[in-house]
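Before any comments, here is the structure.
The values are calculated or read from the model by the stated rules, or taken from the named source; none is laboratory data. Keep in mind that what you see is a predicted model, and the values were worked out from it rather than measured. Cβ coordinates were reconstructed from backbone atoms using ideal geometry, including for glycine residues, and neighbour counts include every protein chain displayed.
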Amino acid sequence: MTERKKISLSRPAGADSDAPTPSRRKPPVRGSGTAPRKRMTAAEAEQARAEAAARGPDPWHDRGPAGHGGPGAAAGRRQGPGPGRSPERASERPQDRAPERWGEPRYDHRDPREAYPPARQDQRRLGTTSPRPPAAPRQEATEADGRLRLSKLMSERGLASRREADEWIDAGWVRVDGEVAELGTRVLPSVHIDIDPQAREQQTQRVTILLHKPVGYVSGQAEDGYEPAVVLIQPDSRWAEDKLPLKFNRAHLRHLAPAGRLDIDSTGLLVLTQDGRVAKALIGEDSGVEKEYLVRVQLIEQPEAENVMAVTPPEAIEALRFGLELDGKPLKPAQVSWQNEQQLRVVLREGRKRQIRRMCELVGLKVVGLKRVRMGSVVLGKLPAGQWRYLRPDERF
């Protein structure tokens, strides 16, 4: 039978047998070790401050006014002033101390007194403090050395619209001084540009349609319950005298847009095109294409007059030709003459909103009918109202 040893517990030598036994063990204070730390006396605290001042700033203890710090500073907040705390701060209530900033790391290898801009707190949460690179400045249309976007230069030369040019460049159909161009390329205005025949073939497939718009249709998007004029482009409304050997198909309606508008109360020639060159020629900023109108008018002071030409002051017609302003901007010179006793013939080289109607109101005339009969060298001719035809290859605006 195995003999069991009797174990007895005895106090260590030197212990006071009369000392009272504690009822519970006091938990250790958090710090660098596990043993309880003895509270400093005022003299020890003063000595510690002097030693800390001699050593210089300690990033693990001297955490600044916010009270941040490492293990030593944490212990100092609970057990005594510590090297990084003054006696005044030792008795300070927690609610009186400055709150910690959100996202501030408690332990950091950098100088804790470094100022963190609030805008970088989110970056610190993501683990990076590198500043965001500044946005690149937006490039102007023309750079200091005169370079401009290739698509813009092609548009200015009349080779294609900006959208067409970008499509051709992206397809590799454009060469600049013998080199295949890339989308977004900037070049000097003097460069030589070659276009692939495939691009020209695609361009010839884009159509331009001439429509005699009737009253009651809007030129562009549908508005106020009125239909757009493009709904009239149907196979059965094609003019019978259109001899162009081109068969209508639905692809001709894709990206078909009006180049120059006619308001809902006006009639006459409306051009709808898929070709950006045509649109630029008619409504571009530098367009000088003439637009001719027949305008039936009444004198506002004498609306019952049959012979409007006889009762209208000559100076009113002179003012229509030159000298009027709309929206604070002077109008370009216009050609204005009497077509008959009730109708004016007006030729403009610009197209402000409801321009002719507003011009006539300024000189005491009211427009009761307006018809566009020509754009450039293309005339409305015998095309009936509500019908359309294709622009012929020999026609130019």
- Can you confirm whether region 227-249 contains a residue that is more than 16 Å from residue 390 (Cβ to Cβ), assigned to a loop (DSSP other than H, G, I, E, B) and at pLDDT 90 or above? yes
- Item | Matching residues in region 261-299 - criterion: being crowded, with 20+ Cβ neighbours inside 10 Å and among the small types (Gly, Ala, Ser) | 266, 268, 276, 279, 281
- Message: When the residues of region 357-397 are narrowed to those that are assigned to a loop (DSSP other than H, G, I, E, B) and among the basic types (Lys, Arg), which ends up surrounded by the fewest Cβ atoms within 10 Å (Cβ to Cβ)?
- Response: 382
- Task: Output the qualifying pairs, or none if there are none: Cβ atoms under 8 angstrom, residues six or more apart or on different chains, first residue in region 225-240 and farther than 18 Å from residue 251 by Cβ, second residue of a type in the set (Val, Ile, Thr) and at pLDDT below 95.
- Result: 226/218; 226/264; 227/218; 228/218; 229/218
- Note on the structure: Filtering region 290-307 down to residues that are part of a strand (DSSP E or B) and either without any contact (Cβ under 8 Å) to a residue 12 or more places away in the chain or in contact with a Lys or Arg (Cβ under 7 Å, 6 or more places away or on another chain) (or both) yields 291, 292, 293, 294, 297, 298, 302
- Message: Would you confirm, using the coordinates I've provided, whether residue 352 is touching a strand residue (DSSP E or B) at 6+ places or on another chain (Cβ under 6 Å) and surrounded by 15 or more Cβ atoms within 10 Å (Cβ to Cβ)?
- Response: no
- Message: Quick test of your reading of the structure: residue 277 fulfils all but one of (1) assigned to a helix (DSSP H, G or I); (2) more than 23 Å from residue 159 (Cα to Cα). Name the failing condition by number.
- Response: (2)
- Selection over region 182-217 where residues are hydrophobic (A, V, I, L, M, F, W, C) and more than 30 Å from residue 268 (Cα to Cα) yields a count of 7
- Item | Scan of region 140-165 for residues that are of a type outside the set (Ser, Thr, Tyr), in a helix (DSSP H, G or I) and either crowded, with 20+ Cβ neighbours inside 10 Å or not assigned by TED's automatic domain parsing to the domain that holds residue 198 (or both), ordered by number | 150, 153, 154, 164, 165
- Task: Starting from residues that are small (Gly, Ala, Ser) and part of a strand (DSSP E or B), keep the ones in region 257-271 and report whichever is nearest to residue 285 (Cα to Cα).
- Result: 257
- Sort out which residues of region 318-356 are in a helix (DSSP H, G or I) and touching a residue at least 40 places away in the same chain (Cβ under 8 Å), and write them in order of number. 319, 320, 356
- Task: Restricting attention to region 190-206, report how many residues are at pLDDT 90 or above, in contact with a helix residue (DSSP H, G or I) (Cβ under 8 Å, 6 or more places away or on another chain) and part of a loop (DSSP other than H, G, I, E, B).
- Result: 1
- Query: Which of (1) surrounded by 14 or more Cβ atoms within 10 Å (Cβ to Cβ); (2) among the hydrophobic types (A, V, I, L, M, F, W, C); (3) in contact (Cβ under 8 Å) with a residue 12 or more places away in the chain does residue 310 not meet, given it meets every other one?
  - Reply: (1)
- Query: Before we move on, is residue 335 at pLDDT 95 or above, closer than 20 Å to residue 291 by Cβ and surrounded by 14 or more Cβ atoms within 10 Å (Cβ to Cβ)?
  - Reply: no
- Please work out which one of (1) over 30 Å from the mean Cα position of the chain (by Cα); (2) more than 29 Å from residue 358 (Cα to Cα) is the condition residue 270 fails and give its number. (2)
